[in-house]
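The values are calculated or read from the model by the stated rules, or taken from the named source; none is laboratory data. None of the values given here were measured: they were computed from a predicted structure. As a convention, Cβ positions derive from the backbone with ideal geometry for all residues, glycine included, and neighbour counts pool all protein chains shown. Side chains included, ligands, DNA and RNA excluded: accessible areas come from the protein's heavy atoms. Shrake-Rupley method; radii C 1.70, N 1.55, O 1.52, S 1.80 Å.
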Amino acid sequence: MFPDANRKLTAEQALRAAIDSQVFASLRDLESLDGGRAVQAVYVALLRRIPNVTPDRKRIAIDSGFSESSVKRAIGLLERCGLMRVERKKGSSSLYVMADLRDSEAASAALSEIRKRARESSTATNTLGRATTEPTLNGSRVTSEPTPRVTSERRPGPLLTHKETKKDQTKQQSAACRKGDSRLEVQEALKRWGLSSASFVAKPGHPKSVPLLASNVQSAAWLIDRTMSRTSWSESAGVGARVSYLREHVAEAVAELRAQSERLRERELRLEKRATEIVSGLPACGEATVAELDERERNILLERAFKRLCEPKEVVGKLLDNSSFRRRLIACEVVREDLEQRLHTMPSAEFFDLCERLFRARPALRRFYEGKDQQSTGLRLHLISFMQEDLPSVESESNPTCLHPRAADERGAVAPTR
């Protein structure tokens, strides 16, 4: 049952044999026993040290992620199931001799002992009043007898096993995380990094909690992920080592989070400033006409204004979020549209006079538009921009309604209506 000097056993062979013989999976049935929750983890922690299995209990606790008392009970349970033999020596570490499950008889004996103890535990739990379904009867079967008979004795219904309970809890936690529950997000982050048994690190008021996590519950999951991802972790790293690393390096993640928040705040301020600059740079336009437009017209004009601005999406978003900014842009677009129509119907003499005024204000444009072609698209765009920027001087200041191009202009011509 136990390997001798002539039959060496390696860690890989031992683990393969435990899995292939169903012994490793059957250990899960012992979870209801004292020490059963830790039995699989302790068994693997011991197997990986073959052939020299002499770790102390503290080392096994670190490797398995359970307390020393749980490790002690799990070792006793493994010993009683015949999976190992402990040679205790006074004044030195104990020697753990692992059973060779490549031997079919040894594997069968261990599997039988595990199932026996699991059944005894289930029976004892039911006797103490564990919640189960109501007793059921097997269905009757037709026989040659005049009346049907019960084919078996009464038996309790299926138990709510630990595996099913854990599965339900996982589903509930996942659903809650999708809704943004920060506490369950922290639990998921701890689980990802092998810290499920160390939930105290982010629990406010706990004596062993990490203060920076306990005081930042909303960001604790991000801080845990950011801190633990700074290094690579092997499967053999215990919970104690992981918690120590988290405690020592979480301050770096907190500093990074604060710097990131500061950068985001500065970026928001820059976008807000840019949006304000764009709106303040627009010419003064009456916004009363905006109310006369329907929703479709407002959207068309707003989209046209954004295309003309050629600003990043972030700045456009800031402009869209502010209702006063939107109204101002639409009002300016209404004015621009009417000025474009007015320019289209303008007499040649008035057009040439407007061009001269533009060239005096912007001398660099004269050499590009010497001909003053009324059909030149580029010249028309510059003229419209000039008229819009210099609107109070172009229109008659004595008549306030002239600020709205829908009214009569200073020459008595009626601006075309939309």
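Sorted by accessible area with a 1.4 angstrom probe, largest first, how do His344, His206 fall?
From most exposed to least exposed: His344, His206.
So how much slack lies between Ser348 and Asp56, counting 0.36 nm per residue of separation and subtracting their Cα-Cα distance, in nm?
94.9 nm
Of the cross-linked pairs Lys116/Lys191; Lys116/Lys203; Lys203/Lys313; Lys8/Lys191; Lys89/Lys203; Lys8/Lys58, which ones have a Cα-Cα span greater than 30 Å in the structure shown?
Long pairs (Cα-Cα over 30 Å): Lys116/Lys191; Lys116/Lys203; Lys203/Lys313; Lys8/Lys191; Lys89/Lys203.
Per residue, how much accessible area does the stretch 16-61 have with a 1.4 Å probe, in Å²?
Per residue, the stretch 16-61 has 50 Å² of solvent-accessible surface.
Calculate, for the stretch 309-379, the solvent-accessible area per residue in square angstrom, rolling a 1.4 angstrom probe over the heavy atoms of the protein chains.
Value for the stretch 309-379: 56 Å² per residue.
Test of understanding: what is the full-extension gain from Arg258 to Asn299, defined as 0.36 nm times their sequence separation minus their Cα-Cα distance?
Here the answer is 10.9 nm.
Using a 1.4 Å probe, how large is the accessible area of Met387, given in Å² and rounded to the nearest 10?
The value for Met387 is about 0 Å².
Rolling a 1.4 Å sphere over the protein heavy atoms, what is the accessible area per residue of the stretch 193-296, to the nearest Å²?
Accessible area per residue, the stretch 193-296: 59 Å².
Taking all protein chains in place and a 1.4 Å probe, what share, in percent, of the accessible surface of the stretch 187-278 do carbon and sulfur account for?
The computed percentage sits at 52.
With a 1.4 Å probe and every protein chain left in place, tell me how much accessible area Ser122 has, in Å² to the nearest 10.
Taking all protein chains as shown, Ser122 has close to 40 Å².
Local charge sum around Phe66 (other residues, Cβ-Cβ under 14 Å, Lys/Arg +1, Asp/Glu -1)?
Summing Lys and Arg as +1 and Asp and Glu as -1 gives +3.
With every protein chain left in place, what is the accessible area of Phe200 in Å² (1.4 Å probe, nearest 10)?
Counting only protein heavy atoms, Phe200 exposes about 50 Å² to solvent.
Going by accessible area, probe 1.4 Å, with all protein chains left in place, what is the ranking of Tyr96, Tyr369, Tyr43, largest first?
If we order Tyr96, Tyr369, Tyr43 from most to least accessible, we get Tyr369, Tyr96, Tyr43.
Report the full-extension gain for the segment Leu269 to Thr231: residue separation times 0.36 nm, less the Cα-Cα distance, to one decimal in nm.
Gain in length upon complete extension: 10.2 nm.
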